[in-house]
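Working notes, structure below.
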């Protein structure tokens, strides 16, 4: 009997040891993730992204392709508006494509290594590896990490990442603000490591024309302009253009990203108006068939060219404390109609809105800013301009004293707003 008791005790101990060996702790998983990231060869992910950064949630279909060492293809489709954009990186540079409008723009940039993206596996794993205070738990089929959000947008504070226990594939991501409100959700319907892509999968021309093919389900529907017959629609931006032009056109809810007006910075003259409140002297980058230069922004009467394309004024629903709108002026931005809103008080800034019809280029360096519903760029140092596009409108927020965090808050608050 005594011997039998010892046998039972030994069996139970072995069972506990074996059970413990089957579970992984956070440190071992982190080590595995580090190894997996270094050996990462390729993957394909498909899912949905929901943004709660505006007054109403916005949903996007996301498809991500990656091939070592630096080939990326990201397709972002606004489900409600049926508008698709593709961000592409290959040996020729970084491209922003709007296939159904037959527009392409090229930049020399190290994107996305210089910024995190919630739908990129590398960004998610890096955020886990870099946060030494990471929180870890397990669920039925998932490892869950709660870590700092490593994004340019300062309003995004933390993120929870669900990884498949079998292969560490991402399943779900939630990014929250400092108050714990979930601002971004990503659900991966499928994720495949070691994906074999065709030789021309990351070719610009193929991606411009293959939106008609069923093998690329996130492309725009049949019946649009044949991209192959209108290849002259593309614009090659010089190396100094960097991310400025590329990212400002990633507004997936806007069909007007074909216009690179969003990437043409308002120069220091325009920025000075943000403080002085002047409506004269602001400049914009030229259209692609011109040399680098500037076009004067001047007040325009209702009978002038600015009246050729009328649109309602979109007012941000957020203004910093102690700031009030001063006035609204109709202006002409180059040959395009535009309006300028001036704000003054604790901070002083101007917001220029336009519907650009001509392509423009930027030769100024810029920093990428994640606005949640789109990406923008900031140019300038002492005097800054934040540029982005949304729903066909190009926005240029210029200031000498508004902090970048507040610039982002203002920019985010135009989402969902309609012209008045």
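The values are calculated or read from the model by the stated rules, or taken from the named source; none is laboratory data. The structure presented is a predicted model; accordingly, all values stated were derived computationally and were not measured. As a convention, Cβ positions derive from the backbone with ideal geometry for all residues, glycine included, and neighbour counts pool all protein chains shown.
Mind checking which residues of segment 34-79 are out of contact with any strand residue (DSSP E or B) (no Cβ under 7 Å at 6 or more places or on another chain) and under 26 Å from residue 183 (Cα atoms)?
Correct list: 54, 55, 56.
Condition first: surrounded by 18 or more Cβ atoms within 10 Å (Cβ to Cβ) and more than 19 Å from residue 186 (Cα to Cα). Now tell me which residues in segment 36-82 satisfy that.
Once the filter is applied, which keeps residues that are surrounded by 18 or more Cβ atoms within 10 Å (Cβ to Cβ) and more than 19 Å from residue 186 (Cα to Cα), segment 36-82 yields only 67.
Among (1) modelled with pLDDT under 95; (2) within 25 Å of the chain's Cα centre (by Cα), which single condition is residue 158 missing?
Here residue 158 meets the rest and fails (1).
With the requirement that a residue be part of a strand (DSSP E or B) and without any contact (Cβ under 8 Å) to a residue 60 or more places away in the chain, what does segment 174-196 give you?
Those that are part of a strand (DSSP E or B) and without any contact (Cβ under 8 Å) to a residue 60 or more places away in the chain: 174, 175, 176.
Filter segment 388-420 for residues that are within 18 Å of residue 151 (Cα to Cα) and not in a helix (DSSP H, G or I); which is farthest from the chain's Cα centre (by Cα)?
Per the criteria, the residue is 403.
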